[in-house]
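Only one structure is covered here, and it is reproduced in the block below.
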């Protein structure tokens, strides 16, 4: 958390400092150039400090969810909760049925990420009317666990460096490592 704050604060300061350096001279005073340079340098320093801080790793001692079996060690996590007036099975059905068209700004945001270019069918270029979970499992994600009304776990594997592979093989359950090797 502290590292993230330092990185984002550093980036903001660096950007503001650099912008102040390129503004027309009539807009800023002579002292503004020094302050801008100082802000940029402090921002870069804060960002580097944030990147250099050690990362805390969480180790799951006793799995409570199916995801814990696939990711027994992790560095980052978020938990969100929303009260929904529906049964778990109704929520599960809705999740399985949601399409890109049902998500506000989804197409606009993925269009920006794709820089306006079309691509192959994927989560980044979702066809109309296709449920997102079905599209994900058809285009690169693997269904690792599925307990309707309780939990869905998807995973994706990609190129891994030899040192990261050694760490993964020591901490990730064999079925997932074997699946990643087969790709």
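Any read-out appearing in this document is the output of simple, stated calculations on the displayed coordinates, not a laboratory observation. All values reported here derive from a predicted model rather than from experimental measurement. Virtual Cβ from ideal backbone geometry, glycine too; neighbours counted across all protein chains shown.
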Given 25 °C and 0.890 mPa s, compute D for segment 49-161 with the Stokes-Einstein relation, Rh being the Kirkwood radius over Cα pairs; round to the nearest whole µm²/s. 145
Of 109-118, 76-85, ordering from highest average Cβ density within 10 Å down gives 109-118, 76-85
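Express in nm, to one decimal, how much length is gained between residue 154 and residue 115 on full extension, taking 0.36 nm for each residue of separation and deducting their alpha carbon distance.
Full extension of this stretch gives 11.4 nm more.
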Take the Cβ-Cβ distance between residue 108 and residue 142 as r, set R0 to 25 Å, and report the resulting FRET efficiency rounded to the nearest 0.05. 0.30
Treating segment 1-118 as a set of equal point scatterers at the Cα positions, no solvent, please give the Debye-formula log₁₀ I(q)/I(0) at q = 0.10, 0.20, 0.23 Å⁻¹. -0.66, -1.08, -1.12
Starting from the Cα of residue 79, step 7 Å along the direction of its Cβ; do the same at residue 99; then give the gap between the two resulting points in nm. 3.6
